[in-house]
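Report on the structure given below.
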Amino acid sequence: MLFEAPEGEMDQSAEAGENRRKGEGFPRPAVWCGEAPEGEASPVILYVYGGTFAMNRGPMHLVVAEAVARHARGRVLIPEYRLAPEHPFPLAIEDVVAVYRALLAQGIPPGKLVVMGDTAGAGIALAALIVLRDEGAPLPAGFVALTPWADLTMSGGSYVENIRPGRFASDVEAGSYTHLRDHETGTKHVCRF
């Protein structure tokens, strides 16, 4: 795995913050950030971190999650999802769908649930929401995309205008694009959103 985190790193980072704890009852390892105010039905944000589909979350994702939890007066769940290239498309999307379903099964009402993602995580989250919609599942109250990487064809205006001729933005981006292209199964979830 590219940039694989050492075994047990998630548990250590979950303990590092006073408002962090290990997420229990989820199909993938997860960390909760923030505390729900007592006596209120507070919001829950499912945060799908970015990392060009191939990198584990970093410490800055926890900082973002804690700030979002504080401002939302709620909790943020950051699940791990399987990474490319060892785990091909669409496994990351399936992981996020499974974690979302687990939140619903734990009694989180969809009206109090928001899905948020940054960069590649926003693209994964958006694809997961499309899967959930197509399956008729209850959808969250909202979706937040922070600098989303949702144009997996890399043919949108900003790519065309800003990329140097014959080059991708980065080697990691190029590798992610190649991985997705090589594992495309005809699904509508790899596309330009």
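Name the helices (runs of 4 or more DSSP H) wholly inside the stretch 1-120 in which the number of residues that are at pLDDT 95 or above and more than 18 Å from Leu146 (Cβ to Cβ) is 2 or more.
Answer list for the stretch 1-120: 91-105.
Could you list, in sequence order, all residues of the stretch 89-109 that are under 13 Å from Ala141 (Cα atoms) and open to solvent by 40 Å² or more (accessible area, probe 1.4 Å)?
Restricting attention to the stretch 89-109, the residues satisfying the condition of being under 13 Å from Ala141 (Cα atoms) are 100, 104, 108-109.
Hits for the stretch 89-109 are Leu104, Pro109.
The values are calculated or read from the model by the stated rules, or taken from the named source; none is laboratory data. The structure presented is a predicted model; accordingly, all values stated were derived computationally and were not measured. Glycine also receives a Cβ, built like all others from the backbone with ideal geometry; neighbour counts cover every protein chain displayed. We work out accessible area using only protein heavy atoms, side chains counted, and drop any ligands, DNA or RNA first. Shrake-Rupley method; radii C 1.70, N 1.55, O 1.52, S 1.80 Å.
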